[in-house]
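What follows is a single structure, written as structure tokens, with notes after it.
The values are calculated or read from the model by the stated rules, or taken from the named source; none is laboratory data. From a predicted model like this one, the values you see are computed outputs, not experimental measurements. Cβ: placed from backbone, ideal geometry, glycine included. Neighbour counts: every protein chain shown.
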């Protein structure tokens, strides 16, 4: 397993070792001991989620607050997405900055998104199956979000806005500036 810290502290790209032959492939998608050793993050995942989406579906940018904050380990099982993590930790030197990573069924990369970050993705392939582990249970009263087209963040989603399919809920999220008011 190869682990690379992104420009955002505590946010890592994880590349598992893939063993392939004429029969197919095998990989270990998560190993708690290796994860802790290589990231220095002590995380216990308690919930796995999966979504299926078509091209242009944009989900995010979401986060959980307070005692219900979540760290996530995300990956793509089928297809390709542009994954985005935004540092919302007010005392962080990278507060308000984001990182983007292409996660595909072929590259098998994963992104570890720590607590205190917003997260989202857009589907670049015809369809995608997106899977992720959470270290805390979802709590509706603790959910928050940032609008996908926030001018301060200036995220390049690598897809034309006319192709995006966004939920009504995500279309009315606040800007970064107004998210914590």
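What to note about this one:
- Residue within the range 121-134 that is crowded, with 23+ Cβ neighbours inside 10 Å, within 20 Å of residue 40 (Cβ to Cβ) and touching a residue at least 12 places away in the same chain (Cβ under 8 Å) present: no
- Pick from the range 138-152, criterion over 16 Å from the mean Cα position of the chain (by Cα) and not in a helix (DSSP H, G or I), ranking: surrounded by the most Cβ atoms within 10 Å (Cβ to Cβ): 150
- Flag if residue 103 is touching a strand residue (DSSP E or B) at 6+ places or on another chain (Cβ under 7 Å) and within 17 Å of residue 49 (Cα to Cα): yes
- Summed over the range 1-35, the residues that are surrounded by 10 or more Cβ atoms within 10 Å (Cβ to Cβ) and either touching a helix residue (DSSP H, G or I) at 6+ places or on another chain (Cβ under 7 Å) or in a strand (DSSP E or B) (or both) give a count of 13.
- Within the range 42-64, the residues that satisfy the criterion of being surrounded by fewer than 16 Cβ atoms within 10 Å (Cβ to Cβ) and either modelled with pLDDT of 95 or more or out of contact with any helix residue (DSSP H, G or I) (no Cβ under 7 Å at 6 or more places or on another chain) (or both) are 44, 46, 47, 48, 49, 50, 51, 52, 54.
- The one condition from (1) within 21 Å of residue 10 (Cα to Cα); (2) surrounded by fewer than 17 Cβ atoms within 10 Å (Cβ to Cβ); (3) at pLDDT 95 or above that residue 71 does not meet is (2).
- Taking the range 55-137 as the region of interest, the strands (runs of 3 or more DSSP E) fully inside it that hold 1 or more residues being under 23 Å from residue 26 (Cα atoms) are 72-78, 80-87, 98-104, 110-113, 127-134.
- Tabulated pairs, the range 81-102, first on the phi > 0 side of the Ramachandran plot, second surrounded by fewer than 16 Cβ atoms within 10 Å (Cβ to Cβ), C-beta under 7 angstrom, 6+ apart or interchain: 96/152
- Hey, residue 90 more than 19 Å from residue 4 (Cβ to Cβ) and touching a helix residue (DSSP H, G or I) at 6+ places or on another chain (Cβ under 8 Å) or not: no
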